[in-house]
Amino acid sequence: MWCPRLAWLLGGRYGSAGRRWPWLPRDPGPVLAVPARCHPTAPASPRCAWQLHQDHLELRYGSTVMRLDFVWLRDHCRSASCYNTKTKQRSLDTASVDLAIQPQAVRVDETTLFLTWPDGHVTRYGLEWLARNSYEGQKQQVMHPRILWNAEIYRQAQVPSVDCRSFLETDEGLKEFLQNFLLYGIAFVENVTPTKEDTEILAERISIIRETIYGRMWYFTSDFSRGDTAYTKLALDRHTDTTYFQEPCGIQVFHCLKHEGTGGRTLLVDGFHAAEQVLRQAPEHFELLAKVPLKHEYVENVGGCHNHMIGVGPVLNVYPWNNELYLIRYNNYDRAVINTVPHDVVRRWYRAHRALTAELRRPDNELWVKLKPGKALFVDNWRVLHGREAFTGYRQLCGCYLTRDDVLNTARLLGLQA
């Protein structure tokens with residue numbers, strides 16, 4: 001009953017160093033069956049069989065057993081009257097579908113499911129399409145392939161930087177950069193002219209720049225011009241930025257334009273790698289960090305800057321259908337008063353937070369990089385935590401935030417899974 005054509009559904013991996021996030025177990029619940037009618041397809045296709053139930057079609061295709069609701073099957077029809085193939089948009093009015101609808105006839109051949117509805121309309125589905133797009137198929141896939149890393153894994157991978165000219169002028173250079181960024185959550189561009197204007201051109205190559213309370217492009221010095229510890233010479237512990245936004249910024253760009261002094265190395269930690277260690281060692285901690293919402297807050301009254309931002313969400317954010325982690329919101333500086341967690345949960349949350357913090361602070365997870373003029377760093381702020389060591393002298397950085405949707409859009413247009 002195994003179908004070679006679906007082997008890719010079961011074999012999704014990120015490379016020898018990487019891991020895929022497991023999916024949460026699901027109880028399919030009782031099957032509401034009419035008198036059992038199990039229909040194998042034609043003898044030439046023994047890997048597919050189907051059975052009608054009261055409100056859904058159960059379809060086994062290779063290793064995937066799909067339970068397809070009749071309303072879902074009618075709603076997703078790709079016929080010319082129901083779906084515009086030019087705009088890739090649904091034409092069918094979903095609210096017009098009878099919630100008690102049942103097909104009058106069902107037929108399956110080697111590649112296609114055919115359903116005839118009470119009004120005579122015929123819907124056709126490719127079995128491969130159903131296997132990819134059904135709930136059961138999606139549970140076996142990942143949205144974003146990644147290679148999880150600690151410092152040694154990243155160094156051994158010898159991930160190359162991309163030259164600025166190749167990045168700006170060729171699709172090949174841009175694609176190489178984006179592939180590195182998607183897999184590791186960080187990527188470097190070399191030989192960038194050390195000015196804010198050239199850094200802006202670099203950023204706009206892959207995304208729309210996200211303007212925030214810090215402006216569009218910003219200069220970053222230790223003049224305490226903003227109400228933030230980052231605008232000092234002090235060390236900064238690992239964190240993600242803008243946790244106090246309802247949607248934290250997706251990508252951050254750093255470019256060191258000048259440093260006349262010592263120290264100031266940048267710290268990078270793969271938060272997803274640390275979270276996976278928590279999942280392996282204490283899944284109850286992972287589950288709690290993914291469920292309990294917290295407030296993060298930014299209050300600023302410095303000069304002409306007056307802001308009060310509040311963002312709410314759990315430390316770990318996962319897709320509910322496959323438990324794939326997609327966002328970590330970790331910033332001990334900006335976490336607000338914990339008043340969203342009841343007494344009988346809060347101590348357990350502190351234990352879970354301590355377990356994650358211990359992993360994030362493991363020395364072998366720390367990648368230290370000395371930023372220098374001409375070398376721009378792109379960081380996935382939903383995944384990779386950054387920090388810095390204390391420094392002396394004058395140090396000036398510029399950078400910006402990028403809209404995540406536009407970065408992923410650029411990657412997909414170049415043929416990458418994102």
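Longest exposed-loop-site-free stretch of the chain, with GluC sites (Glu not before Pro), DSSP loop and at most 13 other Cβ within 10 Å?
Details: sites that count: Glu110, Glu211.
Within the chain, the longest run free of exposed GluC sites (Glu not before Pro) spans 212-418.
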Item to check | In the range 347-397, trypsin sites (Lys or Arg not before Pro) in a DSSP loop with at most 14 other beta-carbon atoms within 10 Å | outcome: Arg361, Lys370
Next on the checklist: Students often get this wrong, so check it: of Lys139/Lys175; Lys233/Lys258; Lys175/Lys196, which have C-alpha atoms separated by over 18 Å?
Outcome noted: Lys139/Lys175; Lys175/Lys196
Next on the checklist: I'd like the Karplus ³J(HN,Hα) series for the range 159-172: coefficients 6.51, -1.76, 1.60, θ = phi - 60°, whole numbers in Hz, and an x wherever there's a Gly or Pro.
Outcome noted: 5, x, 6, 10, 5, 4, 5, 4, 4, 7, 10, 10, 5, 5
Checklist entry - Between Gln281 and Val302, what is the label-to-label distance in nm when each label sits 7 Å out along the Cα-to-Cβ direction? => result 3.5 nm
Item to check | Convex hull (Cα only) mean projected area of the range 151-414, reported in nm² to one decimal | outcome: 14.2 nm²
Checklist entry - Highest GNM mean-square fluctuation, the chain, Cα pairs closer than 10 Å: which of Thr123, Thr403, Thr243? => result Thr123
Next on the checklist: Only four residue types carry charge here, +1 at the Cβ of Lys and Arg and -1 at the Cβ of Asp and Glu. Report the dipole size of the range 41-176 about the Cα centre in Debye, rounded to the nearest 20.
Outcome noted: 100 debye
Item to check | Computed FRET value (nearest 0.05) for Lys196 with Asp237, which takes r as the C-beta separation and R₀ as 30 Å | outcome: 0.65
Next on the checklist: Rounded to the nearest 20 debye, what is the charge dipole size of the range 146-255 about its Cα centre when +1 sits on each Lys and Arg Cβ and -1 on each Asp and Glu Cβ?
Outcome noted: 300 debye
Item to check | Helix 271-281 vs. the chain, principal-axis angle (Cα, 0 to 90°, nearest 10) | outcome: 60 degrees
Checklist entry - Using helices alone, what [θ] at 222 nm do you get for the chain, with -39,500 (n - 2.57) per DSSP H run of 4 or more residues, divided over all residues and rounded to the nearest 500? => result -7000 deg cm²/dmol
Checklist entry - Under a 5 Å amide H to amide H cut-off, with H placed in plane at 1.01 Å, what residues pair with Ile251 once short-range neighbours are removed? => result Asn381, Leu402, Arg404
Next on the checklist: In the chain, if the dipole is taken from +1 on Lys/Arg beta carbons and -1 on Asp/Glu beta carbons about the Cα centre, which of Tyr394, Pro118, Asn180 is farthest to the positive end?
Outcome noted: Asn180
Next on the checklist: Between Thr85 and Leu416, what's the calculated FRET efficiency when r is the beta-carbon distance and R0 is 35 Å? Round to 0.05.
Outcome noted: 0.90
Next on the checklist: What are the ³J(HN,Hα) couplings of the range 87-100, residue after residue, when phi is run through the Karplus curve with 6.51, -1.76, 1.60 and θ = phi - 60°? Round to Hz, x for glycine and proline.
Outcome noted: 8, 6, 10, 6, 9, 5, 7, 4, 5, 8, 6, 4, 5, 9
Checklist outcome for this item: Magnitude of the Cβ-charge dipole (Lys and Arg +1, Asp and Glu -1) of the chain about the Cα centre, nearest 20 debye, reported as 700 debye
Checklist outcome for this item: Most fluctuating of Gly250, Gly311, Gly261 in the GNM of the chain (C-alpha, under 10 Å) is Gly261
Checklist entry - For the range 45-158, rounded, prolate or oblate, judged on the Cα gyration tensor with a ≥ b ≥ c (square roots of eigenvalues), a/c < 1.5 rounded, else prolate if a/b > b/c? => result prolate
Checklist outcome for this item: The extension gain from Val341 to Gln158, computed as 0.36 nm times the residue separation minus the Cα-Cα distance, is 61.6 nm
Item to check | Interchain or long-range residues, amide H under 5 Å from Val384's placed H | outcome: Gly271
Checklist entry - Could you give the nm distance between label points at Ala100 and Arg132, where each point is 7 Å from its Cα heading toward the beta carbon? => result 3.7 nm
Next on the checklist: Per residue of the range 388-395, what does 6.51 cos²θ - 1.76 cosθ + 1.60 with θ = phi - 60° give for ³J(HN,Hα)? Whole Hz please, x for Gly and Pro, Karplus curve as stated.
Outcome noted: 7, 8, 4, 9, 10, x, 9, 10
Checklist outcome for this item: Highest GNM mean-square fluctuation among Leu92, Leu68, Leu202, for the chain with Cα springs under 10 Å, belongs to Leu92
Checklist entry - In straight Cα distance, which aspartates and glutamates are under 17 Å from Lys375, not counting same-chain residues fewer than 8 positions off? => result Asp163, Glu176, Glu190, Glu197, Asp198, Glu200, Glu204, Glu260
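FYI, it's all coordinate maths here, none of it is from the lab. Everything numeric here is computed off the predicted structure, so don't read it as measured data. No Cβ is skipped: glycine too gets one built from the backbone with ideal geometry, and neighbour counts run over all protein chains shown.
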